[in-house]
Amino acid sequence: MAIRFYNTLTKTKEEFRPITPGKVTMYVCGPTVYNLIHIGNARPMIVFDTLRRYLTYKGYDVNYVSNFTDVDDKIIQRANEEGVTAAELSQRYIMETKKDMAAMNVLPATTHPLATQEIDGMIRLIKDLEEKGFAYNVNGTVYFRTRKDPSYGKLSHKNLDDLRSGFRDLKVTGEAEKEDPLDFVLWKPKKEGEPFWKSPWGDGRPGWHTECCVMSRKYLHATTIDIHAGGEDLIFPHHENEIAQVECSTGQEFAHYWLHNAFLNIDNVKMSKSLGNFKTVREVGEHYDLQVLRFFMLSAHYRRVLNFSADIMNSAKASLGRIRTAVSTLNDRIANAPADALTDAEREKLGVDKNGKRMDFTVTTDPETGAECIPQDMRQYRYEFEKAMDDDLNTADAETAIFNLVKFANVEVKPDSSRAFAEAVKKEITDLSGILGLIVDVKEENLDEEIEKKIAERNAARKAKDFARADAIRDELLAKGIVLKDTREGVRWERK
Ligand code: AMP
Ligand code: ZN
């Protein structure tokens, strides 16, 4: 099956064909680091980390680059307020962002370039654009000449004349010196108290749109990259302006596939730093396991608006809990299995051959109903999962496939099942969940820890001769399927 993505550039779902077979070059615009990231920023991180994991699972060697914008008006302003340098402030928040990413099980990028380390490359790009007539300097501010780029506007599909007249009304931008209202800044002169770099146009710093053009191609080692991604607010002007610079400089296409996630809303309004209606990943992490946040983010297709609410988070928590409980039961079945090897019936249920290897199958279509005919054994869930992921990264349906697999596990794996059978089913659940970055085998950690705590509490109650409390705890655990056994070595527990 081919992987297909919705490409913002062509407004259609297209089959994914990487430039170099077997390899993927992918760039995701990272956050501007002046405070803790909010869960809106976490959406592209989780979504595109999942895409990266899926492409890796499909056998691609993925080079994944995501930057940190570490010089910006807001960073400078915040640093001045705190009385620290912009570099100190951004370094602090890069560290904090990396901690949040790890807590959400977002893998570190192959490279995380910093804008401030790449100024030379940006100056070279701006110089090249100037030499080719695509940039002009007005008193130390260098602008991109949008009118000279015949393709300008191709990503956002905007009506440029409408935009131009709209901008013309906004005369107070302080950019009256521009040749055209749509021209954007490539280099800006320094202001008092701001970090600056030397350049042919005087001391100053690059514009934001120039940063990603340079960092993406440098660390992906390519003129044209496969995938460029970010939140949909970046389509215009950020990505439009990136395309303009790179394509006017190189004469070649910048990226083949442009992928954009929809917003994460709160109370149906976009969550953003500027509106102040955000929740940081850190705050959410105080109330929920961040795996719940990850599950929640993936429970909607990435191009659909997702609204954050306690209700939806609680239902995500319950859903993730269902998968974890199934895995925990499987662990128990594995530990207590009466036999090791697969029976013939179990082999059939898994769809594996005599050597335990998953058998290939071809999907046929029922000529009458048009429905797909797929084997009615465990293989169907991975098939459903991949089909969903191949279809423009439909993680919502991929989660459903995992649930169907969990149902299969709950029905088919019994106390008398073989160890190999329980292990195979467990591996299928943990593998598919792992592609979504979900950790579902928490045997040694959370679940057991909770039970151990309860047992300690019951022991303390018994010591204090509070037998009513001790019995209440035993009943509470029993309701959860945990049976306590008083043995000579102390209290033991097992799952019913
Ligand atoms: P910023 O730090 O604002 O440049 O944002 C970093 C990344 O987070 C970009 O890809 C943004 O598009 C994305 N982003 C910011 N806010 C949201 C939101 N509420 N929902 C989804 N993505 C967002
Ligand atoms: Zn960018």
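The values are calculated or read from the model by the stated rules, or taken from the named source; none is laboratory data. All of these numbers come straight from a predicted model, not from anything done at the bench. We place every Cβ from the backbone using ideal geometry, glycine too, and count neighbours over all the protein chains shown.
Listed values, structure above:
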{"read-out": "Subset tally (residues that are part of a loop (DSSP other than H, G, I, E, B) and either within 17 Å of I439 (Cβ to Cβ) or in the same structural domain as I37 (by TED's automatic domain parsing) (or both)) for the range 282-306", "value": "3"}
{"read-out": "Top-ranked residue in the range 193-223 [being closer than 20 Å to L9 by Cβ and within 23 Å of the chain's Cα centre (by Cα); ranked as nearest to ligand 2 (Cβ to nearest atom)]", "value": "C212"}
{"read-out": "Members of the range 362-404 that are of a type in the set (A, V, I, L, M, F, W, C) and either surrounded by fewer than 18 Cβ atoms within 10 Å (Cβ to Cβ) or in a strand (DSSP E or B) (or both)", "value": "V363, A371, C373, I374, A396, F403"}
{"read-out": "For A341: the one exception among (1) surrounded by 14 or more Cβ atoms within 10 Å (Cβ to Cβ); (2) over 22 Å from V442 (Cβ atoms); (3) in contact with a helix residue (DSSP H, G or I) (Cβ under 6 Å, 6 or more places away or on another chain); (4) among the aliphatic types (A, V, I, L, M)", "value": "(1)"}
{"read-out": "Number of the exception - E450 against (1) within 27 Å of K357 (Cα to Cα); (2) part of a helix (DSSP H, G or I)", "value": "(1)"}
{"read-out": "Selected residue [β-branched (V, I, T) and under 23 Å from the mean Cα position of the chain (by Cα)] from T146, T69", "value": "T69"}
{"read-out": "Filtered residue count, the range 250-281, keeping only those that are outside any loop (DSSP other than H, G, I, E, B) and either touching a strand residue (DSSP E or B) at 6+ places or on another chain (Cβ under 6 Å) or within 16 Å of ligand 2 (Cβ to nearest atom) (or both)", "value": "11"}
{"read-out": "Leading residue by the ranking (nearest to L234 (Cα to Cα)) among those in the range 184-211 that are in a loop (DSSP other than H, G, I, E, B) and acidic (D, E)", "value": "E194"}
{"read-out": "Residue tally, condition farther than 26 Å from G59 by Cα and among the aliphatic types (A, V, I, L, M), over the range 10-41", "value": "4"}
{"read-out": "Within the range 453-483, tally of residues that are at pLDDT below 85 and either among the β-branched types (V, I, T) or assigned by TED's automatic domain parsing to the domain that holds D332 (or both)", "value": "2"}
{"read-out": "Residues being part of a loop (DSSP other than H, G, I, E, B), more than 16 Å from ligand 2 (Cβ to nearest atom) and under 26 Å from N394 (Cα atoms) - total across the range 36-80", "value": "3"}
{"read-out": "Residue that is crowded, with 19+ Cβ neighbours inside 10 Å and within 16 Å of ligand 1 (Cβ to nearest atom), where the choices are C212, C248", "value": "C212"}
{"read-out": "Selected residue (criterion: farthest from ligand 1 (Cβ to nearest atom)) from residues of the range 215-245 that are assigned to a helix (DSSP H, G or I) and under 30 Å from M313 (Cα atoms)", "value": "I235"}
{"read-out": "Number of the exception - E130 against (1) out of contact with any Gly (no Cβ under 9 Å at 6 or more places or on another chain); (2) touching a residue at least 24 places away in the same chain (Cβ under 8 Å); (3) crowded, with 17+ Cβ neighbours inside 10 Å", "value": "(2)"}
{"read-out": "Boolean, H238 is within 16 Å of ligand 2 (Cβ to nearest atom), surrounded by fewer than 21 Cβ atoms within 10 Å (Cβ to Cβ) and within 26 Å of the chain's Cα centre (by Cα)", "value": "yes"}
